[in-house]
Every structure is written in C-alpha cells, then in structure tokens.
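Right, one structure below, let's go through it.
What follows is calculated from the coordinates using simple rules that are stated; it is not laboratory data. On a predicted model such as this, the values are computed, not experimentally measured, just so you know. Here the Cβ is made from the backbone with ideal geometry for all residues, glycine too, and neighbour counts use every protein chain on show.
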Amino acid sequence: MSFIVSPSSMQFHEPLALSAGGALVDYHLSFETYGQLNQFKSNAVLICHALNASHHVAGVYRGQDKSEGWWNNMIGPGKPVDTDRFFVIGVNNLGSCFGSTGPMHKNPQTGRTYGADFPVVTVEDWVNAQARLLDELGIDTLAAVMGGSLGGMQALSWSLQYPHRVKHAVVIASAPNLTAENIAFNEVARRAIVTDPDFHGGHFYEHGVVPERGLRIARMLGHITYLSDDVMNSKFGRKLHQGNDYQYSTQAIEFQIESYLRYQGDKFSKYFDANTYLLITRALDYFDPAKAFNGSLVQAMARATAEFLLISFTTDWRFAPGRSREMVQSLVANKRKLSYAEIDAPQGHDAFLLDDSRYMNVVRAYFERINTVSEKT
Amino acid sequence: MTGKLLAQTIAELVPYGSRVLDLGCGDGALLNFLQSQHGCSGYGVEIDDANVAACVKRGVQVIQLNLEQGLRLFEDQSFDVVLQIDTLQHLKNAETMLKETLRVARMGIITFPNFGHWFNRWSVLCGRMPVTAQLPYEWYDTPNIRVGTFADFQALALKNRLHIKYAFGLEGEKIVHFWPNARAATAVFQLTSESQLTA
C-alpha cells in the first residue's frame, strides 16, 4: 500500500551562480518530503532524479491511486530506504518540466517565457540549488544522498562539492562521466528535437505547438538504450504486431517492438518538454568531475569523505559496470570506505528502477547500518 | 575451513592495524573479526550476491568482483596483507592471482584444502577421489578446480620467487608443524615477495 504525499514549492530570491556564468534569479524548486526529521536533524536522505523523473519519488497523491512516485519500490515505510527511520527529500531539478523553474516559465527579467533562453545548467548547479533547499529546511548534513543514472552523478557530485555535508553517497547505475557513445546518443536525440519544424528554435510555446515528432524519436532512441538486447528479445523478439503474416509495408507497424517504441514515444511527447530534454542531456554530457584534475578521477575523488555504496547492473550498457568500477577504483586508491555490488540483472539500465531482491537487499542492508542518532556531533 | 580457530590463527599472522584485502571474503565474518578485534581496515572481494549483502549488513566494506578478472582495481603495494582464505582452489588463474597478491600487498596469507592429507592419499589409493569436511564435493561437481598439496604449493611459491615466511597445517583444532603435507587437512602459508626482503 502506498502512502499519501503532497508536493511543496520553495521560492529563492538570491541569485544562483551557474557553471556557465551568469546566474538564475528568482527561481523556485518543487520538492516532497517523507517521514520525520529527527531531533538531531541527522536522518535526512536526499534523492536525486534522472532524466525523466521528478521530486515525486514515492507515495501517491490523495485521490490518485495510480500516481505512485518513480522510486516507490525503493522508498517508503518499511522499504529499503525506510521513511519510518529516514526523512527523505525528493527535489525537482532546475530546467525540468515537472514543477521547478524551467524553460516553460517566465524569465522575471524579461517577462518572456524562457524557452531556449533558459540557461544551461549543470549537475554542479543542481547540487548547489539542492544545498540551498536543505539550508532552508534546516538540514546541515545528509545521512545519505542517493540517485540512479544522472541522479547518481548528482550523488557523486554532492560528495565532492559538499563533502562535509554528506555521510553516505549511494550511486546506482551511474558513471563518472559519459563516454563518446553516450554523448552520441544524446546528440542524436537533441538533433531530432531541434530539427523538428515545430521546435522554432526553442520558442515553440509562443507558437502554440510542441515538437512532438522530435521528442518521440528522442524517447524511442533513449528507450532502446535503457533496455538490454536480451530483455528486448524476451519481451518482443520478432513477434508481429498483428497476425502471423508480413504486411510487406515500409510504413505500417510490423513488429511489436515498433509498436512499443511508438507508444513510448507518443506518451513521452505528450508530457515532456523539448527544451528540458536538451538541457538535461547536456547536463549529462558536461558532467566530468575529473576534468579539473587533468582527467584523473583518483585526484578528483580525493575530496570525497563520504562512505559510498555503488551498484551497477551487468546488462546495463548505457552506464556499464566498468564505469562504476572506475569510481570504485578511484575511491579505493583514496582509501575511502565503500561497498560495490554488481547485480546480474537482465533488464539493462532500467534495472535500477525495477524490483530485484539482490539489489533491494543490498540497499536495505546498507541503509539499516546508517546510524542516524550518534553520527551527529 | 572456517571458524574460530582459523580466525584466530589468521589474526596472529596479520599485523595489528593492517590494511587488508580479503579475496573471496564470504559473508565477511573474518574481516569483521579482524576489524573489530585486530584494528584492521580494508575491503573484502566477493562474487556471490548473498555474501555481498551479508557483508554490507555487518558493515564490512565489500567489492563485488569476479576474481578471474584479476586485481586491476588495486594499485601496487596498496595493502599490508592480502588474504586468500580457501579461495585459491576455486580460481582458474590461481598462479596469476598468487603473483597479484604480492603485487598489491606486502604479505599474502593463503589457506587451501591440502590434497596431500593422509586420508585423501588413502582414498585415492583405494581408487576413489576423497570426500571430506575440507573437500566435501564429489569429483564431478567440485568447485575446487585446483587440487594441490602443501608440498605443491611450496614448489609454486619457489617458482614464482615468493618467500614463505611461515607455513603450517591445520588439522581439526590443532596446528600441525610436523609433516603437514600428510598430517593436515588445511594448508596455511604466509608469503612475502623476495624482492621485498632484499629491499
């Protein structure tokens, strides 16, 4: 059974300096919290989201039974991240289309919708914004920061930007930066959006249209990379959409995988924002904490003092286990505390959102050991 | 072989406060013992999912890794001690792993079931592969793909110019110093690399 949650919003008036230069002024962040902050304020867990998610991490909204948060299997009362013990915070990142200030909002300085003028934001900027939210909530130190994929990058970045504020960092199905292949996938998706005639250079809002074709293709491509070859074959194989005979058509939906991808693309294009897609994929591309250290992740990680739990999935080729091992290696070289689980799950990158008892057990065991009482000094 | 005797025996070989890498650490009991009773720190390496979860549960730092992939994650001489407790016999690349052990640490402590134990010899003499507490498997399902004797290991160490600092056998609750190759079910070796002795 899911628990009832409700979203909140917080307005920030002090400008947020950005990696790209300049600042974001007068912005707001959407967030949700679950559980109770204890008297020591030492049981806070921040959950960072990936590309297609939000501050609605767990629970359901009142009267909407199907509105389960995106990590509802992981977080909640009695779940691996137990909200009976932890005060869990989900926050929507800047530039998103799920509540926090994003390209569909008005730029207070011009009175015009941001659109393509929304500043490029980075993982580091997001972490800085999240830190301000914690300041406002009166939380100095996180018992843990946790995320998968792009969310894992934020968790990692937290441990580097605010080492003294993070006790534990849980980094799942993530990477210390994107490979060329990964950037390439993002670029194809961006080109699909940008070349859609309805994109209008990012100012499609004022034209009353949405570059749905671009978004669809971006999502179809993304979806392929989140699954494994095995899981696609077992789910769809060469099954036909209708009947048992080919239609001998180049345009009709012939195979079930086509129908599935089109369905996913259509669904996505109805609710996701094109500018947000560009911004978030760029944040992924730019993330590279080793860059300031001549590419040495070992040197970059020297700043981290948190204890780490890293998890990868064997069939994840978008954020492959080898990428997690790079992080493990750099932490070991710095003699940091860490545990690393490599889960032999068939579902590819998506596995980080799915139920797998081995995965859940490790996370549960890890959080059970996080001391929320005496760690605060 | 697991249990109190082994843990205490290993602890006596591991200098107090050592940085330890435990290859094939199982459920983390030994490393936990070394950390809580012997001032040690470090990581366990384990392939089995349930064991990894058990390690995390007891607060032992564990890295899930297939040892057949080698120890590339670990830098030269980055640990004081590498433990291979009942691990060597499961590895295809047993010899490589032995060399790797002394690459990443100053000292290696290796234990394995001694195939030269009199009972095993007797069993083979009678025409059957032994099935014992230390070698509980049948020949067709054993994960012990490297069956060697105490004396075999001495020869392997010599071949790889690894110095045997201390070696003995374990038989039941006893430490065996006299003729361990025939009298001990478990072989225990404490190794250092020769180059370090001269350094």
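May I ask you to verify whether A:Leu331 is away from chain B (no Cβ under 14 Å), touching a residue at least 12 places away in the same chain (Cβ under 8 Å) and buried (at least 23 other Cβ atoms within 10 Å of the Cβ)? It is false that A:Leu331 is away from chain B (no Cβ under 14 Å), touching a residue at least 12 places away in the same chain (Cβ under 8 Å) and buried (at least 23 other Cβ atoms within 10 Å of the Cβ).
Okay, residues lined up against (1) over 25 Å from A:His168 (Cβ atoms); (2) more than 18 Å from the chain's Cα centre (by Cα); (3) not β-branched (Val, Ile, Thr):
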residue: B:Asp22; (1), (2), (3): no, no, yes
residue: B:Leu30; (1), (2), (3): no, no, yes
residue: B:Val56; (1), (2), (3): no, yes, no
residue: B:Gly59; (1), (2), (3): no, yes, yes
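Yes or no: segment A:292-315 includes at least one residue that is over 20 Å from B:Arg72 (Cβ atoms) and assigned to a helix (DSSP H, G or I). Yes, some residue in segment A:292-315 is over 20 Å from B:Arg72 (Cβ atoms) and assigned to a helix (DSSP H, G or I). Every condition in (1) surrounded by 14 or more Cβ atoms within 10 Å (Cβ to Cβ); (2) in a helix (DSSP H, G or I); (3) more than 19 Å from the chain's Cα centre (by Cα); (4) touching a residue at least 40 places away in the same chain (Cβ under 8 Å) is met by A:Gly201 except one, and the failing one is (1).
In segment A:343-364, which residues are over 22 Å from A:Phe86 (Cβ atoms), at the interface with another protein chain (Cβ under 9 Å from one of its Cβ atoms) and surrounded by 22 or more Cβ atoms within 10 Å (Cβ to Cβ)? A:Ile343 - this is the single residue of segment A:343-364 that is over 22 Å from A:Phe86 (Cβ atoms), at the interface with another protein chain (Cβ under 9 Å from one of its Cβ atoms) and surrounded by 22 or more Cβ atoms within 10 Å (Cβ to Cβ). Please specify each residue of segment B:56-79 satisfying the condition of being at the interface with chain A (Cβ under 7 Å from one of its Cβ atoms) and not in a loop (DSSP other than H, G, I, E, B). Answer for segment B:56-79, where residues must be at the interface with chain A (Cβ under 7 Å from one of its Cβ atoms) and not in a loop (DSSP other than H, G, I, E, B): B:Val56, B:Lys57, B:Val62, B:Ile63, B:Gln64. The residues of segment A:123-156 that are of a type in the set (Ser, Thr, Tyr) and either surrounded by fewer than 24 Cβ atoms within 10 Å (Cβ to Cβ) or free of Cβ contacts under 8 Å to residues at least 24 places away in the same chain (or both) amount to a single one, A:Thr141. Among residues of segment B:39-51 being under 15 Å from A:Lys337 (Cα atoms) and crowded, with 22+ Cβ neighbours inside 10 Å, the one that is farthest from the other protein chains (Cβ to nearest Cβ) is B:Cys40.
From A:Asn177, A:Asn186, grab the single residue that is in a helix (DSSP H, G or I), touching a Leu at 6+ places or on another chain (Cβ under 9 Å), surrounded by 16 or more Cβ atoms within 10 Å (Cβ to Cβ) and touching a residue at least 12 places away in the same chain (Cβ under 8 Å).
Numbers: A:Asn177 fails: in a helix (DSSP H, G or I).
Answer to the check: A:Asn186.
B:Ser36 meets the conditions (1) surrounded by fewer than 18 Cβ atoms within 10 Å (Cβ to Cβ); (2) in contact (Cβ under 8 Å) with a residue 24 or more places away in the chain; (3) part of a helix (DSSP H, G or I) in every case but one. The failed one is (2). All of A:Ser269, A:Ser228, A:Ser234 fail the test of being of a type in the set (Ser, Thr, Tyr), closer than 30 Å to A:Arg323 by Cβ and without any contact (Cβ under 8 Å) to a residue 60 or more places away in the chain, apart from A:Ser269. Evaluated against (1) more than 13 Å from chain B (Cβ to nearest Cβ); (2) of a type in the set (Lys, Arg); (3) touching a Phe, Trp or Tyr at 6+ places or on another chain (Cβ under 7 Å), A:Lys291 falls short on exactly one condition, (3).
Tell me which helices (runs of 4 or more DSSP H) are completely within segment B:128-199 and hold 1 or more residues being among the hydrophobic types (A, V, I, L, M, F, W, C), closer than 20 Å to B:Glu100 by Cα and in contact with a Leu (Cβ under 7 Å, 6 or more places away or on another chain), or say none if there are none.
Working: elements: B:150-159, B:180-183, B:194-198.
Counting at least 1 such residues, we get B:150-159.
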